[in-house]
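Structure first, commentary second.
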Amino acid sequence: MADLPKTPLLDQVPDPRALRGLKPEQLPQLAEDVRAEMISAVSVTGGHLGAGLGVVELTVALHYVFDTPRDTLIWDVGHQAYPHKILTGRRGGMRSLRQGGGLSGFTKRSESEYDPFGAAHSSTSISAALGFAVANKLADKPGKAIAVIGDGAMSAGMAYEAMNNARAAGNRLVVILNDNDMSIAPPVGGLSAYLARIVSSRPFLSLRDVMKKVARRLPRPLHDAARKTDEFARGMTMGGTLFEELGFYYVGPIDGHNLDHLVPVLENVRDAGEGPILVHVVTQKGKGYAPAEAAADKYHGVQKFDVVSGVQAKAPPGPPSYTGVFADALLAEAQADPRICAITAAMPSGTGLDKFAKAFPDRAFDVGIAEQHAVTFAAGLAAQGQRPFCAIYSTFLQRAYDQVVHDVAIQNLPVRFAIDRAGLVGADGATHAGSFDVTYLASLPNFVVMAAADEAELTHMVHTMARHDSGPIAVRYPRGNGTGVTIPTPEELPIGKGRIVREGKSVAILSLGTRLEEALKAADRLDAQGLSTTVADLRFAKPLDEALIRRLLTTHEVAVTVEEGSVGGLGAHVLTLASDEGLIDGGLKLRTLRLPDVFQDHDKPELQYAEAGLDADAIVETVLAALRRNSVGVAEARA
């Protein structure tokens, strides 16, 4: 009789409570089931793969040892949280990952009680976990807080700021340093695991506590010598002196894929009696999936792919991406100007600056996950006569706003900001949307703020930035491909001057950024209904082309501003100009279209923009509503 197919152990583990009922010898099989489930799910949806594969065993061990969700488990960034989702009751939704109405690609408080803190920006986990731990301490509630943070995220100062204050949490705080990239640790093996197990054990910690109490009674020089001897001895065998200086008891490094090592050490840490503990775990990105292990990026982020071969689905050929256009334009400028240098904060390929770094390695700077430093570093370069381009995603530039204000704008330094991922970003959702940059930059004195309508405009704007030495200047552009226009010979644009793309008489559409294509579609439909329509690409959110705006508002019956940003951006500035000059007193119907005052969930970008009311349909409806007409053809178009 043929053997019946084995039921995956994962089928018996709907949540961590069931996981904690397994025997220790069953955990490796569970880890393999989780790894297979994750590969299968992400092959269907795309998403972040390599980081999650690297923490499968760690995830199993953490939920096995700690009493989640009473013990709060906080994942830094969230790229690596897919195994966590599978084990916390969301396995059935994994094939909806990053799709409209489906699971988020990151941790999200509204999604599960096992997600105590949402995270999609790096280096926040230790601060948040410290907050949870201290809150439990103040309320005399049980429960520890465990932060899992990658070695790359430790390049951000915020992580050390949190660790410097961690003593307040006592033994309620545990930090897991997931070392998977920077090779902080020496090679790990049996001796390292043995030492980690010994020094994290209750007898060792109890003896150490006793000796510390004895040492406190010694004269000060002897007390200091005893403390240093303890740190030196463990530092020589295990490392971790930096973390000891920050107040953490250091344990590790240990093999993050060996559950026989992980579980006993974590159990010892769980039961430890005094202060915060840092456990140094060494893992391998892409672990257990050969195509990921072999890839240079370890399949950090993938499209849909074939599980057997690992071959990812390729998008059909199309126009170049805005990121690629920016990279090529900057490279051309740098070849002509040795003063141009480029700065990125741990996103060289994401911003296109990897091309720049290959051509000009001495003029390219990846500062790690340190946006604040990146901006002030750029300010220092500019003050000394260089021409720095600081390429940072819109959502990440938010992290350095004080530096933008204090170190750049107030001093009127010519730092050039290339703001990638402006507007809505699709599957990454609200945490990565570039919704606010126009609002937070155009409110600053001295700033020039541009938005590219297409690839040609972006090329002109990079050229303009390279020659702008009279203060800070920024250009924003979206994720994804351009419109397919021909890339021209770059021209320097006059600062604060827009352009008329289409001339009409009754309706004026004032567009900023890549909504220009939808504005032109709307103009075609309005013209078909007898409403002659002007379309202007304003190019600049600051300074405004006041002469052009004034002409359009005084010669058209309806004017509509359109932008891929939040309230407080272009529309607010145009309304202020119109109000200050009394341009709406004569009956002008002025309307502003912008992103709604909500954090929009992940979906396809075109559906997000339709939901936001920033497509051609919404522009037409807005104009006709202002004129109190019925929208002919709009219902049919939406259907």
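FYI, it's all coordinate maths here, none of it is from the lab. Please read all numbers here as calculations on a predicted model, not as lab measurements. As a convention, Cβ positions derive from the backbone with ideal geometry for all residues, glycine included, and neighbour counts pool all protein chains shown.
What are the ³J(HN,Hα) values, in whole Hz, obtained from phi via the Karplus relation 6.51 cos²θ - 1.76 cosθ + 1.60 with θ = phi - 60°, for each residue of segment 424-440 in sequence order, with x given for Gly and Pro?
Rounded to whole hertz, the list is 7, 10, x, 5, 6, x, 4, 5, 10, 5, x, 8, 10, 5, 4, 4, 7.
Quick one: if the Förster radius is 22 Å, what FRET efficiency do ASP271 and GLU25 give, using the C-beta to C-beta distance and rounding to 0.05? Don't jump to the answer; show the numbers that get you there.
Details: r = 22 Å, r/R0 = 0.98.
Step by step, r from the Cβ atoms, then E = 0.55.
Show me, for segment 579-591, the HN-Hα J-couplings you get by feeding each phi into the Karplus relation (A = 6.51, B = -1.76, C = 1.60, θ = phi - 60°), rounded to Hz, glycine and proline as x.
5, 4, 9, x, 6, 9, 6, x, x, 4, 9, 10, 10
Taking other Cβ within 10 Å of each residue's Cβ, how do THR483, THR344 sort, fewest first?
Details: THR483 14, THR344 29.
Going from least to most buried by this count: THR483, THR344.
In whole Hz, with x marking every Gly and Pro, tabulate ³J(HN,Hα) for segment 121-133 from phi via Karplus 6.51 cos²θ - 1.76 cosθ + 1.60, θ = phi - 60°.
Working through the residues one at a time gives 9, 6, 6, 9, 5, 5, 4, 5, 4, 4, x, 4, 5 Hz.
What residues have an amide H closer than 5 Å to that of PHE365, excluding those fewer than 5 places away on the same chain, when H is modeled at 1.01 Å from N in the peptide plane?
Correct list: ALA342, ILE343, THR344.
What is the order of HIS406, HIS79, HIS468, fewest Cβ neighbours within 10 Å to most? Present the calculation step by step, with values, prior to reporting the outcome.
Working: HIS406 13, HIS79 23, HIS468 18.
If I rank by nearby Cβ atoms, fewest first, I get HIS406, HIS468, HIS79.
Please give the peptides 494-500, 412-418, 613-619 ranked by average Cβ packing (other Cβ atoms within 10 Å per residue), highest first, as a rough proxy for protection. Don't skip to the end; give the middle numbers.
On the way: 494-500: 15.4, 412-418: 24.4, 613-619: 22.1.
Those peptides, ordered most packed to least, come out 412-418, 613-619, 494-500.
Rounded, prolate or oblate: which fits segment 469-511, taking a ≥ b ≥ c as square roots of the Cα gyration tensor eigenvalues, rounded meaning a/c under 1.5, else prolate when a/b beats b/c? Present the calculation step by step, with values, prior to reporting the outcome.
Values: a/c = 1.77, a/b = 1.26, b/c = 1.40.
Here segment 469-511 falls in the oblate category.
Students often check this: by mean Cβ neighbours within 10 Å, which of 544-557, 19-32 ranks highest, and how do the rest follow?
Numbers: 544-557: 17.4, 19-32: 15.6.
Highest mean packing first, the order is 544-557, 19-32.
Compute the acute angle (0 to 90°) between the alpha-carbon long axis of helix 371-383 and the principal axis of greatest extent of the alpha-carbon atoms of the chain; round to the nearest 10°.
Helix 371-383 sits at roughly 60 degrees to that axis.
Run the numbers on the chain and let me know its relative contact order in percent, using alpha-carbon pairs under 8 Å that are six or more apart.
Details: 1294 pairs, mean separation 67.7, N = 639.
It comes to 11 percent, rounded to a whole number.
If you filter segment 580-628 for GluC sites (Glu not before Pro), then keep DSSP loop positions with at most 15 other Cβ within 10 Å, what is left?
Taking segment 580-628 and a limit of 15 other Cβ atoms within 10 Å, the loop GluC sites (Glu not before Pro) found are GLU581.
Sequence-distant or interchain residues sharing an amide H contact under 5 Å with HIS300, placed H: which?
The answer is GLY50.
What order do you get for 357-364, 527-534 when each peptide is scored by the mean count of other beta carbon atoms within 10 Å, highest first? Walk me through the numbers before you get to the answer.
Details: 357-364: 13.9, 527-534: 16.5.
Averaged packing, sorted descending, gives the order 527-534, 357-364.
Give me the angle, in degrees from 0 to 90, between the Cα long axis of helix 616-626 and the longest principal axis of the Cα atoms of the chain, rounded to the nearest 10.
With rounding to tens, the tilt is 60 degrees.
Determine the shape class of the chain: with a ≥ b ≥ c the square roots of the Cα gyration tensor eigenvalues, call it rounded for a/c under 1.5, and otherwise prolate if a/b is greater than b/c, oblate otherwise. Let's see the in-between values first.
Values: a/c = 2.26, a/b = 1.74, b/c = 1.30.
It comes out prolate by the Cα gyration axes.
Could you work out how much longer the chain between TYR160 and ASP362 gets when fully extended? Use 0.36 nm per residue separation minus the Cα distance between them, nm to one decimal. Can you show the working numbers first?
Numbers: separation 202, 0.36 × 202 = 72.72 nm, distance 2.85 nm.
Extra length available between TYR160 and ASP362 comes to 69.9 nm.
Evaluate E = 1/(1 + (r/R0)^6) for ARG550 and GLN384, where r is the Cβ-Cβ distance and R0 equals 51 Å; express this FRET efficiency to the nearest 0.05. Numbers along the way, then the final one.
On the way: r = 40 Å, r/R0 = 0.79.
Calculated value: 0.80.
Long-range amide H contacts for ILE254: which residues qualify at under 5 Å (H placed 1.01 Å from N, peptide plane, sequence gap of 5 or more or a different chain)?
For ILE254, the qualifying residues are HIS280, VAL281, VAL282.
So, in nm, how far is label LYS505 from label ASN481 when the simple model puts each one 7 Å beyond its Cα toward the Cβ?
Spacing of the two 7 Å Cα→Cβ label points: 4.0 nm.
Return one number: the angle in degrees, 0 to 90 and rounded to the nearest 10, between the long axis of the Cα atoms of helix 190-199 and the longest principal axis of the Cα atoms of the chain.
Once rounded, one gets 80 degrees.
Taking other Cβ within 10 Å of each residue's Cβ, how do ILE419, ILE473 sort, fewest first? Provide the component values of the computation, followed by the final result.
Details: ILE419 27, ILE473 24.
By the 10 Å Cβ count, ascending: ILE473, ILE419.
Once label points are set 7 Å from the Cα along Cα→Cβ at both ARG339 and ASP527, what is their separation, rounded to one decimal in nm?
Calculated label separation equals 4.4 nm.
How would segment 322-476 be classified by its alpha-carbon gyration tensor: rounded, prolate or oblate, with rounded meaning a/c under 1.5 and the a/b versus b/c comparison settling the rest? Walk me through the numbers on the way to the answer.
Numbers: a/c = 1.28, a/b = 1.08, b/c = 1.19.
It is rounded, given that a/c, with a ≥ b ≥ c, falls under 1.5.
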